[in-house]
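This report refers to the structure that appears directly beneath it.
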Amino acid sequence: MATHPNAVKSTGAYEKAPVDPVGARSSMLFIPAIPMVFKSLNEGAVALTVMLISAVMLTLAAWLLRGGLTAEAEYNARKVAHRPALPRKPISSVLTGLGIAFAAYRSEPGIVATILYGLAAAGLHVAAFGIDPLRSRWIFERLGYFIDGKAIVLLLRNVTKE
């Protein structure tokens, strides 16, 4: 059997292996908290508290980001999907900005520089990882059930064209 010269050859059993949505970019965000903890040990009580708060915020932000990337991958894999109940990626961006602001306050106690560093970090975080899907996705003429407060609501919605 002849094959076309430009045909793509199969690479084996792992050709369509699922890719983990949580990549190295988000895993590397756990690293900045480690030096903050060790750097704060030789400082006074106020510096220790500020740096530990910063490290906790950055670690929580990285953890929420991993969950947000996983939730976004699950959302994108389905034709009918609910938006994430907890917007993990925007919360992660806010926590990253606050964590960097606390760390900047330790180095440079001025409020203006602290706010600028925090806003820059949060903005770069949003630019790098995006935000969570904000709307649920429905199939045309498909009945969807979801819980609204204590009542189950039946909706008939059209799917958005992508």
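What follows is calculated from the coordinates using simple rules that are stated; it is not laboratory data. Predicted model only: the values in this text are computed from it and were never measured. As a convention, Cβ positions derive from the backbone with ideal geometry for all residues, glycine included, and neighbour counts pool all protein chains shown.
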Tally Lys and Arg at +1 and Asp and Glu at -1 over the other residues with C-beta under 14 Å from the C-beta of Asp132: what net charge comes out?
+4
Please give me the summed charge of the neighbours of Ala81: other residues whose Cβ is under 11 Å from its Cβ, Lys and Arg +1, Asp and Glu -1.
+3
The ³J(HN,Hα) series, computed from each phi in the range 90-105 with the Karplus coefficients 6.51, -1.76 and 1.60 at θ = phi - 60°, rounded to the nearest Hz and given as x for glycine or proline, is x, 5, 5, 5, 5, 5, 5, x, 5, x, 5, 5, 5, 5, 5, 5
Sorted by mean Cβ packing within 10 Å, highest first, what order do the peptides 47-60, 22-35 take?
47-60, 22-35
Kirkwood Rh over alpha-carbon pairs of the range 24-137, then Stokes-Einstein at 4 °C and 1.567 mPa s: what D in µm² s⁻¹, rounded to an integer?
87
